[in-house]
Amino acid sequence: MRKGLQNIENKENTNYKIIAVDDEQGIIDSLSIFLKRSGYNFIGVTNPQEAIEKVKNEHFDLMILDFIMTPFHGDQVVEEIRKFDKELYILLLTGHKDLAPPLDTIRRLDIQGYCEKSDKFDQLLLLIESGIKSIAQMKEITKINTELKNTYDLLEKAYLESIETLRYTVEAKDTYTRGHSDRVSELSVLLGKKVGLSEEEIKSLQIGGLFHDIGKIGVPDVILQKNTKLTDSEYSEIKNHPSIGAHILSTATIFKDIIPIVKHHHEKYDGTGYPGMLKGNDIPYLARITAIADSFDAMTSRRTYRDSLSIDIVISEFEKYKGTQFDPELTDAFLDILKNHFDQIEQIQEKYK
């Protein structure tokens with residue numbers, strides 16, 4: 001019975017690859033016999049530099065490493081390895097406990113254990129078995145986390161597709177919005193890059209622009225499609241769409257970074273906007289960018305009651321309302337694009353006619 005269990009253990013041990021580094025060939029030979037008998041997949045190396053290259057180019061689960069070696073010591077080997085491999089489980093061998101590296105060094109280099117060299121390998125085997133159990137547990141945790149992430153990614157994808165469907169439904173309800181969200185998204189990204197935002201912020205601007213009007217799904221069609229001036233009560237209905245949109249997106253964590261854009265893209269710099277009547281820097285920065293892109297596209301789009309405004313009029317409107325409706329610094333950046341790089345905007349408009 002015991003022999004059968006040992007065979008099973010040995011078979012499982014072959015799943016783990018161990019490298020030993022010691023400048024004494026006799027130690028390597030002894031470890032090779034000992035560990036291969038225990039079923040481990042073993043490689044021995046006497047040259048520290050060769051060991052570093054092997055770890056860099058091959059996968060190993062565990063390293064047994066001599067401390068005092070030539071041309072450099074074991075802690076220097078670990079120093080190099082930790083530059084590209086943070087996961088390798090390392091056990092340090094010392095000729096004498098007084099020759100072991102300081103505890104601070106062991107902690108800093110994340111060396112998992114060490115023991116004195118001996119004619120018998122009982123203590124080393126216990127450390128190896130303990131290390132292998134830890135490695136097995138970490139592999140299982142990594143596997144579970146990967147499975148959870150894959151499941152979460154699928155849920156995110158499904159939710160994103162659902163919201164995208166809502167966006168197209170909004171565009172079908174209101175012919176004015178057809179292509180509007182795409183243009184606002186790209187115009188926001190253009191301005192975001194102009195002011196030097198990070199890739200993560202640019203991504204939020206892109207998605208925020210696409211979904212900034214998603215709340216119009218909750219506005220009656222008769223109001224969205226009305227081609228005459230809205231009454232005060234109808235305008236109040238329209239003003240609800242940022243809050244509705246934020247509520248729709250609030251149930252999924254993937255949208256947490258774009259909710260401020262959706263909710264506050266109609267705030268004004270002087271505090272007279274909606275829904276929060278936020279003022280100045282209290283308005284989320286990305287929402288201030290989207291507000292400029294949204295207003296530009298509104299001014300340059302043909303409506304039932306007016307034609308699209310010329311670029312000269314649009315420029316004068318931004319100059320007029322800089323510091324009241326729009327963030328002054330962002331407005332200056334956008335005006336520079338309008339005056340000196342308008343071809344970039346024309347490309348976006350042509351793309352989503």
Starting from 0.36 nm per residue, how many nanometres of slack lie between Met277 and Glu129 once their C-alpha separation is accounted for? 46.9 nm
Can you tell me the orientation of helix 311-321 relative to the chain, as the angle in degrees between its alpha-carbon axis and the longest Cα principal axis, to the nearest 10? 80
Could you size up the charge dipole of the stretch 49-121 around its Cα centre, putting +1 on the beta carbon of Lys and Arg and -1 on that of Asp and Glu, and report it in debye to the nearest 20? 140
Please report, as a whole percent, how much of the solvent-accessible surface of the chain comes from carbon and sulfur atoms (probe radius 1.4 Å). 51
Over the chain, average the accessible area per residue using a 1.4 Å probe and give it in Å², no decimals. 55
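About the Cα centre of the chain, how large is the charge dipole given +1 on each Lys and Arg Cβ and -1 on each Asp and Glu Cβ? Please answer in debye to the nearest 20.
Taking the Cα centre of the chain as origin, the dipole is about 940 debye.
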Under 5 Å between amide hydrogens, which residues at least 5 positions from Leu65 or on another chain qualify, with H placed 1.01 Å from N in the peptide plane? Val21, Leu91, Leu92, Leu93
Under a crude label model (7 Å from the Cα following the beta-carbon direction), how far is Asp110 from Asn15 in nanometres? 2.2
Order of exposure, largest accessible area first, which applies to Glu164, Glu350, Glu53 with probe 1.4 Å: Glu350, Glu53, Glu164
The chain: relative contact order in percent, alpha carbon pairs under 8 Å with at least 6 residues between: 10
The long-range amide H neighbours of Leu309, using H built 1.01 Å from N in the peptide plane and a cut-off of under 5 Å, are Thr300, Ser301
For the stretch 40-48, in residue order, the Karplus 3J(HN,Hα) values (coefficients 6.51, -1.76, 1.60; θ = phi - 60°; whole Hz; Gly and Pro = x) are 7, 7, 10, 9, x, 9, 9, 9, x
C-alpha long axis of helix 199-211 to longest principal axis of the chain, angle in °: 40
Using only Cα positions of the stretch 230-281, each an equal point scatterer, no hydration layer, compute I(q)/I(0) via Debye at q = 0.25, 0.30 Å⁻¹ and quote the log10 values to two decimals. -0.93, -1.07
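Kindly state, to the nearest 0.05, the FRET efficiency for Glu140 paired with Glu237, given R0 = 41 Å and r defined as their beta-carbon distance.
Efficiency computed from Cβ-Cβ geometry: 0.15.
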Using only Cα atoms, what Kirkwood radius does the stretch 250-343 have, in angstroms? 14.0
Using the charge dipole of the chain (Lys, Arg: +1 at Cβ; Asp, Glu: -1 at Cβ; taken about the Cα centre), state which of Leu92, Ser130, Leu286 has its Cα farthest towards the positive end. Leu286
I'd like the orientation of helix 180-194 relative to the chain: the angle between its Cα long axis and the longest Cα principal axis, in ° from 0 to 90, rounded to 10. 60
Expressed in angstrom and rounded, the centroid-to-centroid distance over alpha carbons for the stretch 223-255 and the stretch 36-73 is 64
Semi-axis lengths, Å, the chain, gyration tensor of Cα atoms, sqrt of 5 times eigenvalues: 66, 23, 16
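The values are calculated or read from the model by the stated rules, or taken from the named source; none is laboratory data. For clarity, every value in this text was computed on a predicted model and none was experimentally measured. So basically every Cβ, Gly included, is an ideal-geometry build from the backbone, and we count neighbours across all protein chains shown. Side chains included, ligands, DNA and RNA excluded: accessible areas come from the protein's heavy atoms. Shrake-Rupley method; radii C 1.70, N 1.55, O 1.52, S 1.80 Å.
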